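The values are calculated or read from the model by the stated rules, or taken from the named source; none is laboratory data. This one's a predicted model, so the numbers in the text were calculated from it and none came from an experiment. For neighbour counting, all protein chains shown are included, and Cβ atoms are generated from backbone atoms with ideal geometry for every residue, glycine included. In case anyone asks, the SASA skips ligands and DNA or RNA and just uses the protein heavy atoms, side chains included. Shrake-Rupley method; radii C 1.70, N 1.55, O 1.52, S 1.80 Å.
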Amino acid sequence: MRSLVLVVAVLAACGASSAKPPVASTNAPAMHWGLVLHGGAGAIARDKLTPEREAAIRAALEQALRAGHDALAHGGSSLDAVTAAIVILEDSPYFNAGKGAVFTHDGVNELDAAIMNGKTRTAGAVAGVRTIKNPILLARAVMEKSRHVMLVGAGAEELAGIAGIEKVDPSYFRTEERWQELQNALKNDKFGTVGVVALDKSGGLAAGTSTGGLTNKRYGRVGDSPIIGAGTYADDHCAVSATGHGEFFIRYTVARDICARLEYAGRTLVQAADDVVMDELVHVGGEGGVIAMDQEGHVAMPFNTPGMYRGYIGDDGVPHVDIYR
Ligand code: ASP
């Protein structure tokens, strides 16, 4: 359906003379430690994205990269970096996660999130929560404070009370823009999920994803983001977070499939991510993209949509963000 994304090499150090912001492209140089994030993929229409809005989105992505970098620089784990960066994106109205979550068909916001620690293969996920300000924190609480991997709806919200995680009135998630999006069933910025993968100084990988799901979804619908192996996955050599049409990402177990190709098929990270996103998913009409890191700090950010908000930051602390191909 869509033509293949041209993979553009990135210059690690952009010339100081260049006025253009550093470009993240769909790959990035390997890093000793750092993180990669996405703020969703989709038909990000250049004409709908005003310069002010684009600047605000870039600033939020950079702020999230810096928050994750800070955590890692101070000896924090990849889990801490993933959590810190996702909280910033959840609090921003520009992404379909937390504050900016899209509406279901019935006009409510139902949020999903997951986090996974690659070293221990422990994971936590929540789905269909309506009152949790930062679902990624609740996903982490499921991992660290319960015997389970996934909790949904009221059961998940009850754990928030026990774990001391902030609850808000459902009206907190009502933004005028998302409301209009539901009314008009607009297709722009279709997949605005946020996700982060990180590699810490001790070589530990982690992945996390947070989303409001798909605009106009049926209430009770759960997408790929909180499904371990579909939209979120990490083990000791690979971490992936996805964004896109979740039903395809579940059926093709996208995140785990990318890591399995590394493990069993001898593919590099970039090859494995391209195989799945630019080939397999394209053939079946599965729109979206992923961010991925391996244990050597290689980075892949392929997407088969016109754009994907994305960025990375390595140990040098310089954030790189990009939107289009
Ligand atoms: N993958 C998410 C879902 O299907 C949507 C998105 O990426 O924005 O729930």
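Descriptive notes on the structure:
- Taking the criterion of being in a loop (DSSP other than H, G, I, E, B) and under 19 Å from R221 (Cα atoms), the residues of segment 98-133 that qualify are A101, V102, F103, H105, D106, G107, V108, N109, E110, R130, T131.
- Residues that are closer than 20 Å to G40 by Cβ and modelled with pLDDT of 95 or more occur in segment 257-266; there is at least one.
- Within the option set S78, S92, S146, being within 16 Å of the ligand (Cβ to nearest atom) and among the hydroxyl-bearing types (S, T, Y) holds for one residue only, S92.
- Residue within segment 81-90 that is in contact with a strand residue (DSSP E or B) (Cβ under 6 Å, 6 or more places away or on another chain), in a helix (DSSP H, G or I), open to solvent by 10 Å² or more (accessible area, probe 1.4 Å) and within 30 Å of Y312 (Cα to Cα) present: no
- Selected residue (only one of E247, E280 is within 14 Å of the ligand (Cβ to nearest atom), open to solvent by 20 Å² or more (accessible area, probe 1.4 Å), acidic (D, E) and in a helix (DSSP H, G or I)): E247
- Selected residue (criterion: farthest from A230 (Cα to Cα)) from residues of segment 134-166 that are without any contact (Cβ under 8 Å) to a residue 12 or more places away in the chain and part of a helix (DSSP H, G or I): G161
- Leading residue by the ranking (nearest to R256 (Cα to Cα)) among those in segment 204-224 that are more than 12 Å from the ligand (Cβ to nearest atom) and of a type in the set (A, V, I, L, M, F, W, C): A207
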